[in-house]
Number of protein chains: 2
Amino acid sequence: MQNITETTPLEPEELQQLAGLAERRRAIKRYQHLYHTGSSFQYLYLIRAGSFKSYTADTSGRQQITGFHLSSELVGTAAIGTGRHICDVVALEDSSVYKISCAEIERLVHKIPMLQRCLQRALSREFERNYKVMMLLGSMKAEERLAMFLLDLSQRFAMQGYSATEFDLRMTREEIGSYLGLKFETVSRMFSSFRESRSIEVKNRSIEIKDLDRLRQMVGYFA
Amino acid sequence: MQNITETTPLEPEELQQLAGLAERRRAIKRYQHLYHTGSSFQYLYLIRAGSFKSYTADTSGRQQITGFHLSSELVGTAAIGTGRHICDVVALEDSSVYKISCAEIERLVHKIPMLQRCLQRALSREFERNYKVMMLLGSMKAEERLAMFLLDLSQRFAMQGYSATEFDLRMTREEIGSYLGLKFETVSRMFSSFRESRSIEVKNRSIEIKDLDRLRQMVGYFA
DNA sequence: CGCGATTTTGACGGCACTCAAGCGCCGTGG
DNA sequence: CCACGGCGCTTGAGTGCCGTCAAAATCGCG
C-alpha cells in the first residue's frame, strides 16, 4: 500500500547520495505548500524533518488525499515524466526540506550512473505501489485498509530508524479517511475496534502497536 | 477514468509517428499473453486490431484487472521507467499488434525530439489517470462507476473513428467488475437498471448508448 | 480559560455483497 | 440435426458493512 506516484522512501545509502545534491534547505511552516498542481517541475524535495500530505481536488472542490510523506522521503518525483506537478503538497506541521534542483539532477545523472539507477529504482517502487492502492480501494474492507495503513506507516518509520510500534499520527481522521476511501467516523470506529481487540493502543494521534501479527492477519493476502 | 499506467490512447498524428517505427506485426490468439509480470521490457506494442486486458495477481492468486486496451492504443509504456513489466497482458480475442523494439525507440528518441515529446505526453496522460482511478475506486457508487466505464469506452472508440454510441464489449461482466471494484452480479444489475431508465440498450455484449447526457449526469462531478 | 476543531459513539438506512436458482448462448459430440 | 453441457448472464432474497445524521466529549490553539 501507499502513496500513489508521489512519495519515495529511500534506502539509507540512496539518501546519502541525494543529500549531497541538496542545494539548500528550506523551512516550511504548517499548512504551507511545497508546490501546486500544474506548476512546473523545478525541484525535488527531500524531507529533512516534518511531514506532508498531497492531494488533488475532486472536481466538486473538496480535497482527495493521495499520499502522506514522512521525513527522509523524496517528494515530487511523479513530475519527472511530465514536467508539471499533478497534485498539491502541503505541510502537516512545521517542516524542513532539502531542495534539489531539477537541472542539477539532469546534469549529475549523466555523470553518475549510480544516481540514475537510484532514481529509477525509486520510480519503479512508485509504479508498483499504484497497483496496491488500486487493490486496496477496489476490494478491501475498512478494517483491512486501516490495518494496512498502520503497517505501512510502521514500516516507513522503522526504515528511518524510529520505532516501528510507537509513533504519532500527524494527520486527522478525516485525512486518513480521504486517503483510504472511508468516512472519518468509520476510521474512528476502526481505531476503537482495534483497541478493543488489543491490537493497538490509541490515544488521539498517538499510536502504539501491541500486536503486529494480528494487524498482518487482518491485511491477510494483501500484505 | 481508465487504465492505470498501462494503456496509452494516441492522437492520430502520434499514431502515424509510431507506426513508422513498427518493426513487424504479430498475430496474437485469444487468451495468448503479450507479456508477463516481471519479464524484461523489450517492446512496446501498438494494437493494430483486437483488444487486451492487463491484470496482476492479488496475492491470493485471483486476477485483479487493471485495464483494457483497444485497437490503436499503445501497451507496455509503464515499463519504460522500470525496465520490467508490472502486469500481465492477455488478448481478449484474436488480435494483431505492431512490435516496436525498445532499443529502436531509444535510438530514435535521440534523433527525433518530436518523438520524445510524443512519448512524454503519453506517459503524462497515464499518470493523471491514476488519480481518476483512485477517486473512482475510493468514493464512487456502482452506478457512477459503470457510467464512467461506458463513457470512457465510448470516447476511446470515437477517437478511433468508430461509433461512440454503438459498440461491443469484449470482456465479461466479471472482468468489468474486477476492474471497477464490483461483483459481477452488481455489474449485471446496473446494466439492467440502465436499460430500464432507457439510458442504454444492452443485449449480452452489445451496447447502444441511447442517452449520453444521462450517463454524463450520473458521473456528475467526476467527469 | 474559552471556543472551535477534532474525535467518539449511537441509531438508522441503503447499497452492494453473498448465496442461490434459473435462463440463454454456443460449441461439442452423438 | 438435435441433445447435452458448460459458461456467462440475470434476477431474487437476505445480510452486513459502511455512510449519514446527530449529540456529546475531548483536545488544543489563541
Might you check whether a residue that is more than 13 Å from the chain's Cα centre (by Cα), of a type in the set (S, T, N, Q) and modelled with pLDDT of 90 or more occurs anywhere in segment A:49-57? no
What tally of residues in segment A:155-165 results from selecting those that are hydrophobic (A, V, I, L, M, F, W, C) and either without any contact (Cβ under 8 Å) to a residue 12 or more places away in the chain or within 16 Å of DNA strand D (Cβ to nearest atom) (or both)? 1
Here the residues within segment B:185-206 that are farther than 16 Å from B:Asp168 by Cβ and near DNA strand D (Cβ under 6 Å from one of its atoms) are B:Glu185, B:Ser188, B:Arg189, B:Ser192
What number of residues within segment B:164-181 satisfy the criterion of being farther than 16 Å from B:Thr66 by Cα and either at pLDDT below 95 or of a type in the set (A, V, I, L, M) (or both)? 2
In segment B:57-91, how many are under 19 Å from B:Phe184 (Cβ atoms) and either facing another protein chain (nearest Cβ under 9 Å) or not in a strand (DSSP E or B) (or both)? 6
Within segment B:92-102, considering residues that are touching a Lys or Arg at 6+ places or on another chain (Cβ under 6 Å) and outside any strand (DSSP E or B), the one nearest to the other protein chains (Cβ to nearest Cβ): B:Leu92
Specify which of the listed residues (A:Asp152, A:Asp168) is in contact (Cβ under 8 Å) with a residue 60 or more places away in the chain and away from every other protein chain (no Cβ under 13 Å). A:Asp152
For B:Ser124, state whether it is of a type in the set (S, T, N, Q), modelled with pLDDT of 95 or more, more than 16 Å from DNA strand D (Cβ to nearest atom) and under 17 Å from the mean Cα position of the chain (by Cα). no
Among residues of segment A:137-148 being closer than 21 Å to A:Ser197 by Cβ and touching a helix residue (DSSP H, G or I) at 6+ places or on another chain (Cβ under 6 Å), the residue farthest from the other protein chains (Cβ to nearest Cβ) is A:Glu143
So which residues in segment A:171-184 are farther than 18 Å from A:Ile209 by Cβ, within 9 Å of DNA strand D (Cβ to nearest atom) and in contact (Cβ under 8 Å) with a residue 40 or more places away in the chain? A:Gly181, A:Leu182
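The values are calculated or read from the model by the stated rules, or taken from the named source; none is laboratory data. The structure presented is a predicted model; accordingly, all values stated were derived computationally and were not measured. Here Cβ is always computed from backbone atoms with ideal geometry, including for glycine, and neighbour counts include all displayed protein chains.
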